[in-house]
1. Being in contact with a strand residue (DSSP E or B) (Cβ under 6 Å, 6 or more places away or on another chain), surrounded by fewer than 16 Cβ atoms within 10 Å (Cβ to Cβ) and not hydroxyl-bearing (Ser, Thr, Tyr) is the requirement here; does residue 121 meet it?
2. Residue pairs, Cβ under 6 Å, 6 or more apart or interchain, first in the range 27-38 and over 10 Å from residue 91 (Cβ atoms), second surrounded by fewer than 17 Cβ atoms within 10 Å (Cβ to Cβ) and among the hydroxyl-bearing types (Ser, Thr, Tyr). List them.
3. May I ask you to verify whether residue 40 is within 16 Å of ligand 2 (Cβ to nearest atom) and either in contact with an Asp or Glu (Cβ under 6 Å, 6 or more places away or on another chain) or under 22 Å from residue 187 (Cα atoms) (or both)?
4. Of the residues 105, 53, 63, which is at positive phi and away from ligand 2 (no atom under 16 Å from the Cβ)?
5. Please specify each residue of the range 135-184 satisfying the condition of being more than 22 Å from residue 121 (Cα to Cα), among the hydrophobic types (A, V, I, L, M, F, W, C) and loosely packed, with under 12 Cβ neighbours inside 10 Å.
6. Please report, ordered by residue number, the helices (runs of 4 or more DSSP H) entirely within the range 1-91 with at least 3 residues that are at pLDDT 90 or above and over 29 Å from residue 213 (Cα atoms).
7. Filter the range 28-40 down to the residues that are within 11 Å of ligand 1 (Cβ to nearest atom) and surrounded by fewer than 20 Cβ atoms within 10 Å (Cβ to Cβ) and list them by number.
8. Are any residues in the range 133-160 of a type in the set (A, V, I, L, M), more than 9 Å from ligand 2 (Cβ to nearest atom) and in contact with a strand residue (DSSP E or B) (Cβ under 9 Å, 6 or more places away or on another chain), and if so, which ones?
Amino acid sequence: MPEPQAAAVVILLGPPGAGKGTQARMLEADFGLVQLSTGDLLRAAVAAGSEAGRAAKAVMAAGQLVSDEIVLAILRERMAAPDTARGVILDGFPRTDAQARALDGLLAEQGQKVTAVVSLEVDDAAMVGRISGRHTCAACGEGYHDQFKLPAQAGVCDKCGGTTFTRRADDNADTVLARLQAYHAQTAPLIAYYEGRGVLHRIDAMGAIADIRSTLAALAGGVLA
Ligand code: ADP
Ligand code: ZN
C-alpha cells in the first residue's frame, strides 16, 4: 500500500465572481499546487455529453447547484489522479454541508485533512459586473474581463497568443442572481463550519487582482511552510 502523503488541501470560498478561479491559477503557479475546479470539471462533462454532463446541463444554466452525488463522483475521480499528490486548491468545492463532510471523509481515508480555507470577502453588488464582463482564452484558459483585465494587445491572449475567447453560458445577469442566492443559502454556512475547525482565513477580495494575489501568497506561504 502506498504511504499516505501529507498533501496540502487549500479551499477557496466565495460567491461567483469573487475571483476564486483567477487566484487559484496564481496559487498553482506560485506554489506548485493543482487547481481543481468542480465548475470546470462539470463544464467538461457537459461538453463531452457524458451521463453526468447531461444531468448537470440545465441545472447549471439555471444557476442552481448540481446534485452532491454527481459532484462528489466527479471530484473523487479527479482526486485519484497522480498530479494531485502534492496538493490541491479546491475552487468551487465544497459548496454544501454534505460536500464538506464528504470531503472530510475522503481526505481521512488518505490520512489527510483540510490545510486552510480562504474566504474571499466581496460585496454582492459588484459581482454582477465582474461576471458579466468575463471571458476566457479558448486555448489556454487564461481569464480576462472587458473592464478589469484586457489583454495588452486587443484580441490576443497575453499568455499564449490565442485569438479565440469564450464566454460561459451561465455568465449572464439573470443567472448570476440565482448563483448568488445559492451561494448565500447553501455555501456561506461553510465559513462558520471551517471557522469552528480553526482553519479559516478571511481576505478582502474587493481590490486589484495583483494585490489580492500578494495577500493570498503571503497567507499561503505561512500556511504551507
Ligand atoms: P461560479 O463560482 O462563478 O459560480 P463555477 O464554475 O464554480 O462558477 O460553477 C458553475 C456552476 O457549476 C454552478 O453554478 C453550479 O451549477 C455548478 N457547480 C460547480 N461546482 C459545484 C459544486 N461543488 N456543487 C454543486 N454544483 C456545482
Ligand atoms: Zn491563451
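1. Working: in contact with a strand residue (DSSP E or B) (Cβ under 6 Å, 6 or more places away or on another chain): yes; surrounded by fewer than 16 Cβ atoms within 10 Å (Cβ to Cβ): yes; not hydroxyl-bearing (Ser, Thr, Tyr): yes.
It is true that residue 121 is in contact with a strand residue (DSSP E or B) (Cβ under 6 Å, 6 or more places away or on another chain), surrounded by fewer than 16 Cβ atoms within 10 Å (Cβ to Cβ) and not hydroxyl-bearing (Ser, Thr, Tyr).
2. What qualifies is 34/84.
3. On the way: within 16 Å of ligand 2 (Cβ to nearest atom): yes; either in contact with an Asp or Glu (Cβ under 6 Å, 6 or more places away or on another chain) or under 22 Å from residue 187 (Cα atoms) (or both): yes.
Answer is yes for this residue.
4. Details: 105 fails: at positive phi; 53 fails: at positive phi.
Of the residues listed, the single one that is at positive phi and away from ligand 2 (no atom under 16 Å from the Cβ) is 63.
5. Result: 152, 154.
6. Working: elements: 20-31, 38-48, 51-61, 68-79.
Filter on the range 1-91 gives 38-48, 51-61, 68-79.
7. Narrowing the range 28-40 to residues within 11 Å of ligand 1 (Cβ to nearest atom): 36-40.
Answer for the range 28-40, where residues must be within 11 Å of ligand 1 (Cβ to nearest atom) and surrounded by fewer than 20 Cβ atoms within 10 Å (Cβ to Cβ): 39, 40.
8. Matches in the range 133-160: 150 only.
The values are calculated or read from the model by the stated rules, or taken from the named source; none is laboratory data. Note that this is a predicted model, so its numbers are computed, not measured. Every residue, glycine among them, receives a Cβ derived from its backbone with ideal geometry; neighbour counts consider all protein chains shown.
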